[in-house]
Amino acid sequence: MTKKSENTPIDLQALENAANAAARHIPPVWPLASHVAVNPFLGQPTVTLAQAGARLARVGGVSITMPRRWYLNRIASGEITNDDLAAALSASPHADKPGSLAALKAAISSERPALDPLPTVADLATRASAIDWVGIVADRIGAWAGGYFDRGQALWAAPRGRSAWGAWRAYATHDLTPEIMGLDRFAAFVADAPERPADAIARAVERLGLGEAALDTYFHQLLLSLGGWAQFARYGLWRAELANSTDSTITDLLAIRLNWEEALFAQYETAIGEDWAAVRIGHETPIAPSEDGIVGEILQEAAERAVQRDLAGTLAAPVPKTMDDRPALQAAFCIDVRSEVLRRALEQVDPSIRTLGFAGFFGVFTRHRRFASDDEELRLPVLLNPTFDSSSGDDVDRPADLAARYRARAKRAWGRFKLAAVSSFAFVEAMGPVYIGKLVRDGLGLSSMPVPNDPAPRFDPGLNLETRLRAAETVLRAMSLTNGFARVVLLAGHGANVVNNPHASGLHCGACGGYSGEVNARLLAKLLNDVDVRDGLRARGIAVPKDTLFVAALHDTTTDRVTLYDRDLAVRDHAADLKQVRQWLEAAGKVARGERALRLPRAAGEGDIAKRARDWAEVRPEWALAGCKAFIAAPRTRTTGRSLEGRAFLHDYDWRQDRERGFGVLELIMTAPVVVASWISLQYYASTVAPGTFGSGNKLLHNVVGGVGVLEGNGGAMRAGLPWQSVHDGEDYVHEPLRLSVCIEAPREAMTDILERHEEVRALFDNRWLHLFAMDGEGRLAWRYAGDLEWKPVEAATVTRGLEAVA
């Protein structure tokens, strides 16, 4: 029997609030089929890096800055200067920061103390009994969660229709493993638990003697210990709230984890009671950043200022003047950093080509059904809800649609036959020789890589003229593309084509919800080629020439090959133009592949790139967005001719056009693409600085679980985040962990007004999860956002040193 708590009982509303707050500290993770980058610090935007680090150190022993040696090496090489350190020290908002540059240097040189989290009851029970209760809890919850969250991978599906709490109780009352391992009468303990998870949480809190002040970090700690399972449950809550609903799965998981704590405490209270009392006091203590955490934050700021200095020099360097003639081709690519390399190569192939950057969903927020499928794919940023529905094919394609469905059903049936409990044994012996040819082709990478090529998508239901006009005008103005149209305007979405990679969708377009971007591009191309839409646009001040053709395309970021979807259109008058476009794209792709090969391990030249995409054993087919460091929203002329090394998100934006309409496009950029880019940047950051907590581990050990995520090995908590091979080449870091520098050419007053009206976006900049710069009329970094709606001029010396570095 446990002793009754001496604390005043906590009312259910306070417990609900604490559980809800803990859930908000957990980032969501999307399923593998539509994997997108997520900011792991999503629950801490209103605090600084050092404050978030103090919380994560308490609940998980997590450091969220790099080891001291990483910074010391950069200081020794001169990458980080004394001026960078002094500026970062001056900008630090913490009262306990070092008092001088000399004090900061002394603190840097001292050894960094180890971070020990507060122990859970499972940790204390493990120490007391020498039984790995921490591992057992993770394994048993993981074994249940793999079935509960399964999305079609399991041949024998778990029963549906129950809440997570109800399903787990039904499972746990028949799971004898805990009792075999030494937890007496655990099944009966679970059976006696309250029917409602809220009541189970309340009972556990009372029996553990927790006061209200301890719940914040303790509840966070328990959810964090569940790894990807808690994050997937948080995804369910995210999706529900976007639909103005709610989902209690993550609270159920908290109740499950608390039930384990309560059961272990009941058995080991005599041995761990005193230690647990000290832990409770630790959780009740207000979170405050340590001196070491503050120093780490200052070092991180200094490293980022060093990179910003180089960026300022790149943007200030003189570039060749662009021609004002009608461009031979306009090619709009996604703002994804991988597009920068191909865009630069394409402009080098022919100076009369103009490229543009825009979010890869091309303003088409669609819920799409692919050909021969009833699954709905949300091809839009995960921050938003769909405004359109679309599907591939029309009445003409119905016979082919039906035939494709029959083939898919036969393939699924054959797959289940191969894997079934009995038939799988006979299958290998009987059918093995039939697969020799396929094994040889696939093993040697001889099979061709399929390109998404469904019948042309259409809005379903169709849109009336006014809706089509409004959508077309909105997109063109958001792209700052309202005049000077070329004969051919390419709208290039992007995707990746790789094999044997559970995280393949993570290489696709984040702005398209983890899918490739050709559907959005094809829908927009059809819309902008509509004669009635063209006539309506002319009345709204956007005159698209009659000889301009919009053509959708798909940029394969793994091989830098571009597929045109010109068969969607009548292109007789543009046949010669499109032939030339294909030649330009092939030449540019060769240049881009050559540049990428320099960064990839074991790539001797551009000819090796395509082979990597088909190689079963290749763990690094491309670097995706590793290395991202900046987001630039400005006219392309500000960055034309400058190599940004595939490390910058490039969004075309002309504030002079936008000013007439109250800076609506600027507001959209700062509240959507910038936030999406920050999620990407911070996921790469977190997977680099804290791979054990925010990374998914070693690809070589991954096993897909439930079709939703991966395990590292054969059990335990699901892993979320980026694999180690996505940020490290085996010898050194490929990703430089930096918070994103957002550079926008727009009046400071307009940006300040937007920040004042969007508190969540402002918090990202005020607490330096992002850096914000205002560019001047010549594209140079002129003003730095200092927080609290204040700006400071960028020091002239910063630009000068940056120019010297570029030279």
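The values are calculated or read from the model by the stated rules, or taken from the named source; none is laboratory data. In this text, all values refer to a predicted model and were calculated from it rather than measured experimentally. All Cβ positions, even for glycine, are placed from backbone atoms using ideal geometry, and neighbour counts span all protein chains on display. Each accessible area value is taken on the protein alone, full model and side chains, heavy atoms only, with ligands, DNA and RNA left out. Shrake-Rupley method; radii C 1.70, N 1.55, O 1.52, S 1.80 Å.
For region 494-505, 3J(HN,Hα) computed residue by residue from phi via the Karplus equation (6.51, -1.76, 1.60; θ = phi - 60°) reads 9, x, 10, 10, 9, 10, 6, 9, x, 9, 4, 5 Hz, glycine and proline entered as x. For residue 613, neighbours were defined as the other residues whose beta-carbon sits under 12 Å from its Cβ, and their charges (Lys and Arg +1, Asp and Glu -1) total +1. Here the extension length gained between residue 111 and residue 483 equals 128.0 nm, from 0.36 nm per residue of separation less the Cα-Cα distance.
Computed with a 1.4 Å probe over protein heavy atoms only, the accessible surface of the chain comes to 43 Å² per residue. Karplus-based coupling profile of region 58-72, in residue order and whole Hz: 5, 8, x, x, 9, 9, 10, 10, 6, x, 3, 4, 4, 6, 4, with θ = phi - 60° in 6.51 cos²θ - 1.76 cosθ + 1.60 and x standing for Gly or Pro.
On the basis of the beta-carbon distance and an R0 of 60 Å, residue 586 and residue 100 show a calculated FRET efficiency of 0.55. Overall shape: oblate for the chain, with the ratio a/c of the largest to smallest alpha carbon gyration tensor axis at 1.5 or above and b/c at least equal to a/b. Look at the alpha carbon pairs under 8 Å that are at least 6 residues apart: their mean separation over the length of region 26-83 gives a relative contact order of 18 percent.
Here the extension length gained between residue 703 and residue 788 equals 26.0 nm, from 0.36 nm per residue of separation less the Cα-Cα distance. Projecting label points 7 angstrom from Cα along Cα→Cβ for residue 375 and residue 535 puts them 4.2 nm apart.
Relative contact order of the chain, taken over Cα pairs closer than 8 Å and 6 or more residues apart, is 18 percent.
Once a ≥ b ≥ c are taken as the square roots of the eigenvalues of the Cα gyration tensor of region 585-635, is the result rounded (a/c under 1.5), prolate (a/b larger than b/c) or oblate (a/b not larger than b/c)? It comes out oblate by the Cα gyration axes. Using a 4.7 Å Cβ-Cβ cutoff, the cysteines of the chain lacking any partner cysteine are 334, 628, 743. Neighbours of residue 622, meaning other residues whose beta-carbon lies under 11 angstrom from its beta-carbon, give a summed charge of +3 when Lys and Arg score +1 and Asp and Glu score -1.
Can you figure out the FRET efficiency of residue 395 with residue 575, using R₀ = 41 Å and their beta-carbon distance, to the nearest 0.05? The computed FRET efficiency comes out at 0.90. Count the net charge of all other residues whose Cβ sits under 15 Å from the Cβ of residue 582, scoring Lys and Arg as +1 and Asp and Glu as -1. Net local charge, residue 582 excluded: -1. Dipole magnitude for the chain: about 2140 debye, using +1 per Lys or Arg Cβ and -1 per Asp or Glu Cβ, origin at the Cα centre. Residues whose amide H lies under 5 Å from that of residue 740, counting only those 5 or more places away or on a different chain, are 771; hydrogens are built 1.01 Å from N in the peptide plane. Using +1 at the C-beta of Lys and Arg and -1 at the C-beta of Asp and Glu, which of 59, 434, 32 has the Cα lying farthest in the positive direction of the dipole of the chain? Toward the positive end, the furthest listed residue is 434. Beta bridges from DSSP with both residues in the chain: antiparallel share about 40 percent, rounded to the nearest 5. Residue order by solvent-accessible surface for 451, 422, 475 is 422, 451, 475, largest first, with ligands and nucleic acids left out and a 1.4 Å probe. Calculate what fraction, in whole %, of the accessible area of region 209-359 sits on carbon and sulfur atoms when a 1.4 Å probe is rolled over the protein chains. That fraction is 51 percent.
Projecting label points 7 angstrom from Cα along Cα→Cβ for residue 732 and residue 617 puts them 2.6 nm apart. On a 0 to 90 degree scale, rounded to 10, what angle separates helix 249-284 from the longest Cα axis of the chain? Approximately 50 degrees, to the nearest 10.
For region 219-265, a crude dipole built from +1 on the beta carbon of Lys and Arg and -1 on the beta carbon of Asp and Glu, taken about the Cα centre, is about 140 debye to the nearest 20. Cα-Cα over 20 Å: which of 526/546; 411/438; 438/611; 629/699? As for pairs spanning more than 20 Å Cα to Cα, those are 629/699. Beta-bridge orientation, region 609-768: approximately 40 percent antiparallel, per DSSP, counting only bridges with both partners inside.
Label positions at residue 637 and residue 153, each projected 7 Å from the Cα along the C-beta direction, are separated by 5.2 nm. Given +1 at the Cβ of Lys and Arg, -1 at the Cβ of Asp and Glu and no other charges, the dipole of region 655-789 around its Cα centre is 200 debye to the nearest 20. Can you classify region 433-505 as rounded, prolate or oblate using the Cα gyration tensor, where a ≥ b ≥ c are the square roots of its eigenvalues, rounded means a/c under 1.5, and otherwise it's prolate if a/b beats b/c and oblate if not? In terms of gyration-tensor shape, prolate. What residues from region 443-485 fall in the zone where the backbone N is under 18 Å from a label point 7 Å along the Cα-to-C-beta line of residue 753? Hits in region 443-485 for residue 753 at 18 Å: 478.
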